[in-house]
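Submitted below is the structure of interest, expressed as structure tokens.
The values are calculated or read from the model by the stated rules, or taken from the named source; none is laboratory data. Quick caveat: nothing in here was measured; it's all calculated off a predicted structure. Cβ placement follows ideal geometry from the backbone for every residue including glycine, while neighbour counts extend to all protein chains displayed.
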Amino acid sequence: MEAPDIRYATTSGGLRLAYQVWGEGPPFLIAPALISNIEVHAEHEFYQRARTLLGKHMTCVEFDKRGIGLSDRFEGDIPTLDERIEDIEVIMNDLGWESAHLGGISEGGAMAQLFAANHPERVETLTLLNSMISPQYRRRIFDHIEPGDAPIMRTKDQYELFLKVADNWSTDASVQLEFEVPSHVGNEALARWMARLQRFAATPNEFVKQVNSIFALDAGDAPERIVCPTLIMHVKGDRVLNVGGSRVLNDLIEGSKYVEVEGVDHWAWMMPNWRDVVDPVIEFATGTRPREQGERRFATVLFTDIVNSTSSSEQLGDTRWHDVLDSHDRISRRLISEAGGRVVKSTGDGLLAVFDMPSRAIDCSLDMCSQLAEIGVQIRAGAHAGEIEAHDDDDISGFAVNLAARVEQETDNGEVWVSSTIRDMLIGDSFDFTDKGQHELKGIDDTWGLFSVARS
């Protein structure tokens, strides 16, 4: 999915709020969590896969709240929740939506609750994911704890943990990763992207201001006043907001539907079972559950990997190497997008990407080699073209994927190698191929002819 254009709506106080629109179908507006930058969100495959699926069924809107991301900062006193819900109203007005399906995530859940209670005529359905609850109900959480739930964290401990995140803001996102997305602890590529999101969401002081604002949020008795159909979902092992809070909400909101999801991530769309979260949202708003089925199609599969990353890290030091890797991710993703490809996922120190045309994959990989070399990063890349199984979760599998991975493993440092299949498809094109002989590839029957490739 191409990144949607950035639009702006203006509040009564003159603050400009950034938002994006994508997809087709009934209107669905998402009130986001604490940290956001909608432009950076659109870069990452975990956001892309969830956004793409939602957009196949609904016209979706995501925005940056006042004070964060691409939206204007607020001055003076921390805005109350009553003031914050104007963000939802002005964006709906800017779009000409009289009503919409409304979703709220974490902090955005408190916004969504109050908006649904105060403006029932504008909310068709309400979906809450890992949502905050009002302070007056928090003591009830202790009555809703079950074996296997994450422990309830004291407010003081939560606040100190957020301050620790602020102390490492934009340089080391591992603190936030461990707290909010523990299933990805050790995923260095995600940590680098999260640090980038932090940089583009706020300064460290602006983040602390946002943290102070969420600890002051209070939706009051809003849950007891909600009359629209409501879906409440919560990840059972969420450490940020205890699952007991959503069980309380289910008691408070009359006629609500409650879905508990296995997992540990507060950022639920990053879990391996992310469809357990997204599918119920679509079904609740549209009445139709998405089908889960793979699709076989032809594609060019590209694997890349950084050469000698361990020794380079030792030479440059952790801080400098972290900056280099961040540049690697940014340059690689930009070039893949410009070539019409799609990043499927990070693979340690490299990427897996797919393209419709082999020439675009080769052009992109050669550009990656040259541009990354300029910042001192040497990569190798391997590609093969064939039928793949494209899954609804945006992952891919099949023989062509396995063979492309083996080609990359055979490739000499700093080069792009391709299978004989791609060489045969591009004979007469603007590439020079050098025969690298027949290779026995691990897990692949027979030998395969491999070729290095350069521009003519």
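Check Ala216 against each of (1) free of Cβ contacts under 8 Å to residues at least 12 places away in the same chain; (2) closer than 24 Å to Gly104 by Cβ; (3) aliphatic (A, V, I, L, M) and name the one condition it does not meet.
All conditions pass for Ala216, except number (1).
Residues that are hydrophobic (A, V, I, L, M, F, W, C) and part of a loop (DSSP other than H, G, I, E, B): does segment 21-34 have at least one?
Yes, some residue in segment 21-34 is hydrophobic (A, V, I, L, M, F, W, C) and part of a loop (DSSP other than H, G, I, E, B).
Select from segment 248-303 the residues that are within 24 Å of His144 (Cβ to Cβ), among the small types (Gly, Ala, Ser) and surrounded by 18 or more Cβ atoms within 10 Å (Cβ to Cβ) and write down the one among them that is farthest from the chain's Cα centre (by Cα).
Of everything passing the filter in segment 248-303, Ser256 is farthest from the chain's Cα centre (by Cα).
Given the options Ala191, Ala166, name the one that is free of Cβ contacts under 8 Å to residues at least 40 places away in the same chain, of a type in the set (A, V, I, L, M, F, W, C) and over 24 Å from His234 (Cβ atoms).
Details: Ala166 fails: free of Cβ contacts under 8 Å to residues at least 40 places away in the same chain.
Result of the check over Ala191, Ala166: Ala191.
For Ala454, all conditions in the list (1) farther than 20 Å from Ser359 by Cβ; (2) in contact (Cβ under 8 Å) with a residue 40 or more places away in the chain; (3) surrounded by fewer than 18 Cβ atoms within 10 Å (Cβ to Cβ); (4) of a type in the set (Gly, Ala, Ser) hold save one; what is the number of the exception?
For Ala454, the failing item is (1).
Looking at segment 377-407, which of the residues that are among the charged types (D, E, K, R) and within 14 Å of Val344 (Cβ to Cβ) is surrounded by the most Cβ atoms within 10 Å (Cβ to Cβ)?
The residue in question is Asp394.
Determine whether Glu410 is under 21 Å from Leu352 (Cβ atoms), in contact (Cβ under 8 Å) with a residue 40 or more places away in the chain and in contact with a Ser or Thr (Cβ under 7 Å, 6 or more places away or on another chain). Outline the logic, then answer.
On the way: under 21 Å from Leu352 (Cβ atoms): yes; in contact (Cβ under 8 Å) with a residue 40 or more places away in the chain: yes; in contact with a Ser or Thr (Cβ under 7 Å, 6 or more places away or on another chain): no.
Taking the combined requirement at face value, the residue does not satisfy it.
If you take the residues in segment 1-32 that are among the small types (Gly, Ala, Ser), farther than 17 Å from Gly96 by Cβ and surrounded by fewer than 22 Cβ atoms within 10 Å (Cβ to Cβ), which one is modelled with the lowest pLDDT?
Ala3
Inside segment 94-141, can you point out the residues that are of a type in the set (Asp, Glu) and under 17 Å from Val240 (Cβ atoms)?
Within segment 94-141, the first condition is being of a type in the set (Asp, Glu), and the residues that meet it are 94, 98, 107, 121, 124.
Listed by number, the list holds a single entry, Glu107.
Yes or no: Asn242 closer than 16 Å to Leu128 by Cβ and touching a residue at least 60 places away in the same chain (Cβ under 8 Å)?
It is true that Asn242 is closer than 16 Å to Leu128 by Cβ and touching a residue at least 60 places away in the same chain (Cβ under 8 Å).
Can you find even one residue in segment 169-184 that is at pLDDT 90 or above, exposed (fewer than 15 other Cβ atoms within 10 Å of the Cβ) and not assigned by TED's automatic domain parsing to the domain that holds Trp321?
no
Can I ask one more? Take the residues in segment 336-376 that are part of a helix (DSSP H, G or I) and of a type in the set (S, T, N, Q), then tell me which one is surrounded by the fewest Cβ atoms within 10 Å (Cβ to Cβ).
Ser370
Separate question: Give the residues of segment 166-176 that are among the hydroxyl-bearing types (Ser, Thr, Tyr) and in a loop (DSSP other than H, G, I, E, B), sorted by residue number.
Within segment 166-176, the first condition is being among the hydroxyl-bearing types (Ser, Thr, Tyr), and the residues that meet it are 170-171, 174.
Of everything in segment 166-176, those that are among the hydroxyl-bearing types (Ser, Thr, Tyr) and in a loop (DSSP other than H, G, I, E, B) turn out to be Ser170, Thr171.
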